[in-house]
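Nothing in this text is a laboratory measurement; each read-out follows from the coordinates by a stated rule. The structure displayed is predicted, hence computed values, not measured ones. With ideal geometry, Cβ positions are generated from the backbone for all residues, glycine too; neighbour counts draw on all protein chains shown.
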């Protein structure tokens, strides 16, 4: 009897333990299910643009994918034209677009970035490069098509027409009979750049010739704006670099160009830089020299000293002004004096002059003293001869005021005003001699 009771107790304890274990297992399973249903917090992936968060295919069926396609293929800010190609602007804008939408793989041909060195890559190499991915249904194929549409949206009508005539240069074999050909964005870009820049040895030779004649280039600008000149040099160097070439003597040619400037303060500064460079105490690249020159030019311009004559030059100008003034006001000895009809020898006329030296005609010539009225013509015929009234001389003669050879002298033209100002600056007094050329 005792044994049966012990057996019953043991069985009851075992059953109770089994029920407890089953409850714990169910509770753990329930907790696992709850954890799986809760949203998991994912770590953010760094990318400079949304399109760069995924290197794989873009799902164009989603709103995000459609937005990426729309923005990637949108036209660039500046329209490109083969008639007036601004290649540097085109390449700069394409670089920004490429950085935003991950086009670097398709734009790198034989380890060369076509945006910075397209002259080192041939069209055939671009065609071979495009053939590796254009029918592979991958991300590069998507990017290449984005580039193609972007370029076609960014050219003018004339360029579009010219490019459409030569589709074979940027068309690759398609994936099947349904799509026998596929146009490539990278090939389209290379072919358009080739047409725009005419990548030939002649172009490179012309660039080198321009770099060798920089003194002529800077002389084309009367103001000799150093900033404008430097930008032209940089563009020439960039055009040469894009063709895979460099220039080793540009620094020397830039020095030569600067030394031809009219501003003595600037040229003296450049001479000091050149001396230090030749002595080995100053290391300079072409860009560093141009930056130094730009800063000196800016300082002189801000101080309004650019191309300002030196004290010696100002003295020479003043002396020249004085000489010119005397040449204007005095008739050299022995030079023939121009005579009007009334003073020609043999006429037997004696002409009186008033206190100001103005002729006073008498007798049958007295009418010449009377100016025409407001409603009367300034020309008339007397005794079969045409006469004109000159308001500068103040009497009737053979010319009008507009035709008068003393017009500038009486009215004071701009050049004489500048001469007078220069003389005043050096304390040179103007001599009031009689104006013989104004005599009748």
Study note, to complete from the structure: Proxy exposure order for 69, 80, 252 (fewest C-beta within 10 Å first) is 252, 69, 80
Study note, to complete from the structure: Given 20 °C, 1.002 mPa s and a Kirkwood radius over Cα pairs, the Stokes-Einstein diffusion coefficient of region 201-302 in µm²/s is 153
Check your understanding: With r defined as the distance between the Cβ atoms of residue 70 and residue 112 and R0 fixed at 41 Å, what FRET efficiency is calculated, to the nearest 0.05?
Key -> 0.85
Check your understanding: With contacts defined as alpha carbon pairs under 8 Å and 6 or more residues apart, what's the relative contact order of region 201-302 in percent?
Key -> 30
Check your understanding: How far apart, in nm, are two points set 7 Å out from the Cα along the Cα-to-Cβ line at residue 262 and at residue 153?
Key -> 5.0
**Study point:** Inter-label distance, nm, simple model (7 Å from Cα along the C-beta direction), residue 245/residue 367
**Key:** 7.9
Study note, to complete from the structure: Residue separation between residue 168 and residue 125 times 0.36 nm, minus their alpha-carbon distance, gives in nm 14.0 nm
Revision key, fill the gap. To the nearest 0.05, the calculated FRET efficiency linking residue 49 and residue 383 through their beta-carbon distance, R0 being 56 Å, is 0.05
Practice item. Give the shape of region 50-197 as rounded, prolate or oblate, defined through the alpha-carbon gyration tensor: a ≥ b ≥ c are the square roots of its eigenvalues, a/c under 1.5 means rounded, and otherwise the shape is prolate if a/b is larger than b/c and oblate if not. Key: rounded
